[in-house]
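Engineer: I'd like to ask some things about the structure below.
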Amino acid sequence: MIQGKSVVVTGSTSGIGLGIARKFAAAGAKVMLNGFGDAHEIETIRYELAEKFGVDVAYSPADVTRPDEISAMIETADRQHGGVDILVNNAGVQHTAKTQDFPPEKWDLVLATNLTAAFHATRLVLPQMLERDWGRIINTASAHGLVASAEKSAYVAAKHGMVGLTKVVALETAKTGVTCNAICPGWVLTPLVMQQIEARAEKNGTSVAEEKEKLLAEKQPSGEFVTVEQLGDLTLFLCSEGAAQIRGQAIAMDGAWTAQ
Ligand code: NAD
């Protein structure tokens, strides 16, 4: 199913996106990486994936807050990989502050990166997916797409918005071979979460290890972080024939966070 397919994973130079991209490369897909970071490190990742799995791996430096750059990324995938069969809208940023203190420019950045970018990438790939009558759009939402936490107004709004966008696209494609779903991870130990843990340790005068445990104890009953490999496997499953009638769902993988 995945062998030879062309996949674009936004925000795949690190964390969950990289975990998902790795699973696709291992399954024989042509992968377009995207995201920020050190150019040498990104090239090392690109080369390592291509060599290890014998697939074509490209990289787009597109800033997904810029629709013109998203468009250029999709055009590169069309040219280099013959189209886009699978789109994973995964790029994301976080900012925490009470709503009355939330800097408006941070609100705009979180919404642009975590929500509006998914709209643009989706509208740009849908025509070709519908023409081929096959496609998969997978949006990395969050447990925060289903429930809220304090001090995350922009992130929670963006992730709830992403779940809404997912449902609309799924309805509009319901009679076709294109599906659209969201995955909703709980805590995953990536740079995005490490920043929050380190900030909490500094604020509370505690250790990073203590704050990791507290973070899980507050929200995630399993007491364990979700891994990028587990999320990669879920994403691959959503691309399989077995998942063809999973449409418009927000699938939580969150150690029972949202079961509470
Ligand atoms: P991360 O910081 O490791 O990765 C974020 C990726 O997005 C990086 O590759 C980064 O370069 C890229 N990115 C950021 N801004 C971008 C922009 N403007 N244009 C292009 N790329 C950009 O974080 P992560 O934890 O792997 O997060 C990935 C996704 O998973 C995000 O959407 C996040 O909201 C979501 N998520 C994370 C967790 C978690 O616990 N880590 C939980 C639920 C959802």
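The values are calculated or read from the model by the stated rules, or taken from the named source; none is laboratory data. Keep in mind the model is a prediction, meaning the values are calculated, not measured. Neighbour counts run over all protein chains shown; Cβ positions are idealised from the backbone, glycine included. For the accessible areas, the whole protein counts, side chains as well, though only heavy atoms, and no ligand, DNA or RNA atoms are used. Shrake-Rupley method; radii C 1.70, N 1.55, O 1.52, S 1.80 Å.
Engineer: Just name the residue that is nearest to the ligand (Cβ to nearest atom) out of those in segment 155-193 that are among the polar types (S, T, N, Q) and open to solvent by 10 Å² or more (accessible area, probe 1.4 Å).
Structural biologist: Looking at residues that are among the polar types (S, T, N, Q) and open to solvent by 10 Å² or more (accessible area, probe 1.4 Å), I get 190.
Engineer: Inside segment 1-109, counting only strands (runs of 3 or more DSSP E) that do not spill past its ends, which hold 2 or more residues that are under 23 Å from residue 253 (Cα atoms) and within 15 Å of the ligand (Cβ to nearest atom)?
Structural biologist: Per the criteria, 6-9, 86-89.
Here's the yes/no breakdown for (1) open to solvent by less than 20 Å² (accessible area, probe 1.4 Å); (2) touching a residue at least 60 places away in the same chain (Cβ under 8 Å); (3) closer than 30 Å to residue 198 by Cα:
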residue	(1), (2), (3)
3	no, no, no
46	no, no, yes
63	no, no, yes
77	yes, yes, no
95	no, yes, yes
108	no, no, yes
114	yes, no, yes
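Engineer: Identify all residues within segment 127-146 that are open to solvent by 10 Å² or more (accessible area, probe 1.4 Å) and more than 18 Å from the chain's Cα centre (by Cα); write none if there are none.
Structural biologist: Listed by number, the residues that qualify are 127, 128, 130, 131, 132, 133, 134.
Engineer: In segment 104-126, how many residues are under 26 Å from residue 233 (Cβ atoms) and over 19 Å from the mean Cα position of the chain (by Cα)?
Structural biologist: Of the residues in that region, 0 qualify.
Engineer: I would also like to ask the following. Applying the selection to segment 194-250, what residues are free of Cβ contacts under 8 Å to residues at least 60 places away in the same chain and buried (at least 17 other Cβ atoms within 10 Å of the Cβ)?
Structural biologist: Answer for segment 194-250, where residues must be free of Cβ contacts under 8 Å to residues at least 60 places away in the same chain and buried (at least 17 other Cβ atoms within 10 Å of the Cβ): 197, 200, 201, 211, 212, 215, 216, 220, 225, 226, 234.
Condition check ((1) closer than 27 Å to residue 112 by Cα; (2) hydroxyl-bearing (Ser, Thr, Tyr)) across all residues:
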position: 7; (1), (2): yes, no
position: 10; (1), (2): yes, yes
position: 20; (1), (2): yes, no
position: 28; (1), (2): no, no
position: 43; (1), (2): yes, no
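Engineer: Please give the number of the condition residue 211 fails out of (1) within 21 Å of the chain's Cα centre (by Cα); (2) within 16 Å of the ligand (Cβ to nearest atom).
Structural biologist: Among (1) within 21 Å of the chain's Cα centre (by Cα); (2) within 16 Å of the ligand (Cβ to nearest atom), residue 211 violates only (1).
Engineer: Could you tell me which residue of segment 163-177 is farthest from residue 127 (Cα to Cα), considering only residues that are part of a loop (DSSP other than H, G, I, E, B) and not charged (D, E, K, R)?
Structural biologist: 174
Engineer: Of everything in segment 194-207 that's touching an Asp or Glu at 6+ places or on another chain (Cβ under 6 Å) and within 15 Å of the ligand (Cβ to nearest atom), which residue is farthest from residue 141 (Cα to Cα)?
Structural biologist: In this case the residue turns out to be 200.
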